[in-house]
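**Student:** Below is one structure. I have some questions about it.
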Amino acid sequence: METRTSELFSKTSFCTCSYLKSLGNRRTSLVRNAIQSWDKFLELPFAEKIFLDDGSPDINGIRLLKETNILNKFDDVRYNSLIHPPHSNFGIVCSMTLCRGDYILHLDDDINVTGSYEDCLTLLERSIEILDTDENILGINLLTMPKEFHQDWFPGQDYNDDFAHPNKYFGTAACLIKKKLLERVSLTDIINWGEQQPHTWEVLVSDAASSFLVNKAPTTFGLELDAWVYHSVTNKSLRGVKKRLKYNLSKTFPFLKNFLKKKN
């Protein structure tokens, strides 16, 4: 491996977090399939690889990990026993704060890695290089964006041939950030939000779209729409119910898709 590539990865930590209410529901199956797709990706030379079970009942996150073939590819597997509002924001930030690298790659537990080792290496090398050389960029969204996502996460003003600044938010489901971005949001902030916290912690960090980038083309990181729609097993909000209803209606009655889009 070239010296520059080794240097960039030596500064980069990888982390993920998982909360599984049980090992027998729909989301658990989606998560199992996703993390099994990480096999080759986890062979990349990250400085460290961290798995955090964010307080799952009966340590279900760790139990699921043990069922796969990738447990031994993590350097650090932890269980978070700190009580907090039921929201993935806490787990994301908590897993990131465990990282020691200057740059942190975070994947949600339901993200699929669809490319080869070489594809992932090329994408991450190009992305880390930007963080390493452009002091104005704090984070990059590496997720292939489903068209059903809100336009706030889509590319806006061009940055270069591969990346653009987002319309508003950079996205955290598959994100690469500078560790100093965490200075803008703390675990205490998230706990103090309580159960009525905002949908995304980016409201605290994405105050300028010029500080963030999103990919303009599909990447090696993808998300099944079913995983997105049913992402949180604890989400009983009106917004979550509406999202699931509209998604299921568009799948069952495709002719309603354009009508439902207008209702976003």
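**Student:** Within the range 41-57, track down each residue that is surrounded by fewer than 15 Cβ atoms within 10 Å (Cβ to Cβ) and not in a loop (DSSP other than H, G, I, E, B).
**Tutor:** Of everything in the range 41-57, those that are surrounded by fewer than 15 Cβ atoms within 10 Å (Cβ to Cβ) and not in a loop (DSSP other than H, G, I, E, B) turn out to be GLU43, PRO57.
**Student:** Additional query: Of the residues GLU48, GLU43, only one is closer than 20 Å to ALA173 by Cα, in the same structural domain as THR114 (by TED's automatic domain parsing) and either modelled with pLDDT of 95 or more or among the aliphatic types (A, V, I, L, M) (or both); which?
**Tutor:** GLU48 is the lone residue from the list that is closer than 20 Å to ALA173 by Cα, in the same structural domain as THR114 (by TED's automatic domain parsing) and either modelled with pLDDT of 95 or more or among the aliphatic types (A, V, I, L, M) (or both).
**Student:** Report every pair of residues separated by at least 6 positions or lying on different chains whose Cβ atoms are under 9 Å apart, first residue within the range 144-173 and in contact (Cβ under 8 Å) with a residue 60 or more places away in the chain and exposed (fewer than 15 other Cβ atoms within 10 Å of the Cβ), second part of a strand (DSSP E or B) and among the aliphatic types (A, V, I, L, M).
**Tutor:** Within 9 Å, the pairs are PRO146/LEU223.
**Student:** Let me ask something else. Suppose the filter is charged (D, E, K, R), under 26 Å from SER6 (Cβ atoms) and loosely packed, with under 15 Cβ neighbours inside 10 Å; does GLU118 pass it?
**Tutor:** yes
**Student:** Kindly list the number of the only condition in (1) within 17 Å of the chain's Cα centre (by Cα); (2) assigned to a helix (DSSP H, G or I); (3) of a type in the set (S, T, N, Q) that fails for ASN112.
**Tutor:** (2)
**Student:** Does ASN60 qualify as being over 19 Å from the mean Cα position of the chain (by Cα), crowded, with 17+ Cβ neighbours inside 10 Å, in a helix (DSSP H, G or I) and not acidic (Asp, Glu)?
**Tutor:** Taking the combined requirement at face value, the residue satisfies it.
**Student:** Hey, among PHE14, PHE90, PHE74, which residue is surrounded by 15 or more Cβ atoms within 10 Å (Cβ to Cβ), more than 22 Å from THR219 (Cα to Cα), in contact (Cβ under 8 Å) with a residue 24 or more places away in the chain and touching a strand residue (DSSP E or B) at 6+ places or on another chain (Cβ under 6 Å)?
**Tutor:** PHE74
The values are calculated or read from the model by the stated rules, or taken from the named source; none is laboratory data. All values derive from a computational prediction rather than experimental measurement. No Cβ is skipped: glycine too gets one built from the backbone with ideal geometry, and neighbour counts run over all protein chains shown.
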